[in-house]
1. Assign one of three labels to the stretch 126-166, namely rounded, prolate or oblate, based on the Cα gyration tensor with a ≥ b ≥ c the square roots of its eigenvalues; rounded applies when a/c is under 1.5, prolate when it is not and a/b is larger than b/c, and oblate otherwise.
2. Please work out whether the stretch 86-166 counts as rounded, prolate or oblate from its C-alpha gyration tensor, where a ≥ b ≥ c are the square roots of the eigenvalues and a/c under 1.5 means rounded, while otherwise a/b larger than b/c means prolate and anything else oblate?
3. Under 18 Å Cα-Cα from K156, which lysines qualify once same-chain neighbours fewer than 8 residues away are excluded?
4. What lysines sit close enough to K58 to cross-link, taking a C-alpha to C-alpha distance under 21 Å and skipping anything fewer than 8 places away on the same chain?
5. When the Karplus curve 6.51 cos²θ - 1.76 cosθ + 1.60 is applied with θ = phi - 60°, which whole-Hz ³J(HN,Hα) does each residue of the stretch 156-162 get, with x for Gly and Pro?
6. Classify the stretch 20-64 as rounded, prolate or oblate from the Cα gyration tensor: take a ≥ b ≥ c as the square roots of its eigenvalues, call it rounded if a/c is under 1.5, otherwise prolate when a/b beats b/c and oblate if not.
Amino acid sequence: MEEYEMVQGIEMPVEYGWSQEVSCVPGLPFKLSMADWPNATFDISVDGGHFVLWVDDKIIPMDSTFSVNNDTNIYWVDYLDETETESHVGTYAANKVYADMVVRDGDNIIGYAVIKIYTHDPEDQHVRTFGAVLLQSVSFPLVNSEYQNVTEEYVKSQIEQIKLAD
């Protein structure tokens, strides 16, 4: 199997700290884009907080596991939903959570990535600032104009190894 570091796919701000109380965007922003794969989709799961979409000034909460199309902006937030009161903000997410992304072109896996979202602020601190680091991103290029035989089990095991090594 040929693997390469994914040079496209997940764009996130460098040296960015997001906090609900002081940011003008609804969450920690990520742009998901694979220019070489216009029909790519991103299957995303997160083990704390959740992602939202920001469409036409409306915030749309996503489940802990969801899929989005290519060229989509998503935002990670540390609170449960938009109906929560201010006193609950910042109490949902731990100091470190992981977001896993599996990139597909149709039924074929063409890549995956693991992002660590973190804060150094105590969980009981009212205003918490979160950052993110891309732990690893991998793409599986076509070989002889054909998709590689990348299995769900292989990708899941690789993602778990990355998390355990962190």
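Values in this text are rule-based calculations from the coordinates and carry no lab data. For clarity, every value in this text was computed on a predicted model and none was experimentally measured.
1. Prolate, since a/c reaches 1.5 and a/b exceeds b/c.
2. It comes out prolate by the Cα gyration axes.
3. Partners within reach: K116.
4. Leaving aside lysines fewer than 8 places away in the same chain, those within reach of K58 are K31.
5. For the stretch 156-162, the Karplus curve yields 4, 5, 5, 4, 5, 5, 4 Hz.
6. Prolate is the answer for the stretch 20-64, as a/c is 1.5 or above and a/b outweighs b/c.
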